[in-house]
Amino acid sequence: MTRILIADDHDVVRSGLRSILEARPGWEIVAEAADGKEAIKKALETKPDVAVIDYSLPLLNGIEATRQIRKREPRTEVLIFTMHDEEILIRNVLEAGALGYLLKADAKRYVVAAVEALSEHKPFFTARV
């Protein structure tokens with residue numbers, strides 16, 4: 001069973017991801033969060049295998065949420081899910097401990113492959129990144 005946390009401040013994005021990911025046999029959404037602080041709290045409570053985290057979260061951004069989750073739950077792999085593709089941002093999320101980076105524009109095509117790779121502790125990046 002692959003346990004997944006989804007953190008995005010938009011309800012429609014969270015519900016869309018939930019719908020796509022829960023359709024996979026053996027995958028379970030164990031928590032959702034609308035901001036960075038809630039993402040950390042839920043990750044500590046549920047200990048997901050993979051956390052799909054938006055970079056632009058309120059209260060604490062995706063980089064800081066990633067840093068804190070990886071420090072306290074090192075078995076949880078983080079997939080940054082964002083519309084931003086600046087090189088410095090990609091470098092910063094990798095330094096914070098994220099193992100994958102997925103652009104929202106590529107989500108429909110790659111989100112399942114990305115979560116699958118991270119659940120096996122393998123990195124994932126779309127070609128555009």
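The values are calculated or read from the model by the stated rules, or taken from the named source; none is laboratory data. Because the structure is a prediction, the values reported are computed rather than measured. Methodologically, a virtual Cβ is constructed for each residue, glycine included, from the backbone with ideal geometry; neighbour enumeration extends over all protein chains shown. All accessible areas refer to the heavy atoms of the entire protein, side chains included, with ligands and DNA or RNA removed. Shrake-Rupley method; radii C 1.70, N 1.55, O 1.52, S 1.80 Å.
The rows are residues; the columns are (1) under 16 Å from L17 (Cβ atoms); (2) out of contact with any Asp or Glu (no Cβ under 8 Å at 6 or more places or on another chain); (3) at pLDDT below 95.
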site: S56; (1), (2), (3): yes, no, yes
site: V78; (1), (2), (3): yes, yes, no
site: L103; (1), (2), (3): yes, no, yes
site: A107; (1), (2), (3): yes, yes, yes
site: L118; (1), (2), (3): yes, no, no
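Screening T126 on (1) open to solvent by 20 Å² or more (accessible area, probe 1.4 Å); (2) modelled with pLDDT under 90 shows it passes everything except condition (1).
Okay, residues lined up against (1) of a type outside the set (F, W, Y); (2) touching a Leu at 6+ places or on another chain (Cβ under 6 Å); (3) on the phi > 0 side of the Ramachandran plot:
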site: I90; (1), (2), (3): yes, no, no
site: G97; (1), (2), (3): yes, no, yes
site: Y101; (1), (2), (3): no, no, no
site: L118; (1), (2), (3): yes, yes, no
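Looking only at residues in region 38-79 that are polar (S, T, N, Q) and farther than 16 Å from E120 by Cα, the one that is least open to solvent (accessible area, probe 1.4 Å) is T66.
Counting only helices (runs of 4 or more DSSP H) that sit wholly inside region 15-129, those with at least 1 residues that are under 16 Å from R3 (Cβ atoms) and hydroxyl-bearing (S, T, Y) are 36-46, 107-119.
Residue count for region 1-29, restricted to those that are of a type in the set (A, V, I, L, M, F, W, C) and exposed (fewer than 13 other Cβ atoms within 10 Å of the Cβ): 3. For region 101-118, a residue qualifies if it is farther than 16 Å from V12 by Cα, buried (at least 19 other Cβ atoms within 10 Å of the Cβ) and touching a residue at least 24 places away in the same chain (Cβ under 8 Å), and the qualifying residues are Y101, L102, A114, V115, L118.
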